[in-house]
Amino acid sequence: MVVNALLSIRDFEEYIVLPENLGKQFEYVRGEILEVVSNNYSSHIASRISYLIQKHMELHNIKGNLTGADGGYQIGDDRYMPDFGFISSARQPKPSHDAYNPLAPDLAVEVISPTDDEKKLRVKIANYLSENVTLWVVNPNDETVEIYQAGKPATILNKEQAISGAPVFPELNLAVKDIFPMLDDEA
């Protein structure tokens, strides 16, 4: 949902703290304020990814800071709220207390929800890449994951393939099928 168009970052910061906006999530993409709205299915997938990555981090003693869908980041001049974010402790020893972390994440995961605008998503992808963020775009409808890394062509993986966590999590080999809930007829 587009709230307004071509506003400054200051306008954005003033807008999101208005009393009527408390409890809502917003992104700032190229001068537009977008309310972030998800659904239970997309949220479930994001939670599953978070769980699997946390498990991997514990198993391999990887230190870093994780955020969920309400953890924001400054990406260039924009402000994003990926469904999952990770910053290594080497880059940020302690979690940020800012609404929008001034450091871009090492890994961002965007789970597509019905209200996402394809054009805005493509802008976000370009901006994440310009900040050297590894990005996973998860499409719940066709159960695919698009992997983006700066300087490399995008890769689209289906349920029969696995996500390599490199360069962020070199030992991670995550089956795409493991991030999508199994339906009763698949069990």
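What to note about this one:
- Rounded if a/c under 1.5, otherwise prolate or oblate - segment 107-171, Cα gyration tensor axes: oblate
- With the convex hull constructed from alpha-carbon coordinates only, the chain shows a mean projected area of 11.2 nm² over all directions.
- Top positive-direction residue, dipole computed over segment 38-186 with Cβ charges, set Ala126, Leu174, Ala90: Ala90
- Helical runs assigned H by DSSP (4 residues or longer) give the chain a calculated mean residue ellipticity at 222 nm of -7000 deg cm²/dmol, each run adding -39500 (n - 2.57) before division by the residue total.
- For segment 26-166, the tally of Lys pairs with Cα-Cα distances below 20 Å comes to 4, considering only residues 8 or more apart or on different chains.
FYI, it's all coordinate maths here, none of it is from the lab. As the structure is a computational prediction, the values presented were derived from the model and not from experiment. Virtual Cβ from ideal backbone geometry, glycine too; neighbours counted across all protein chains shown.
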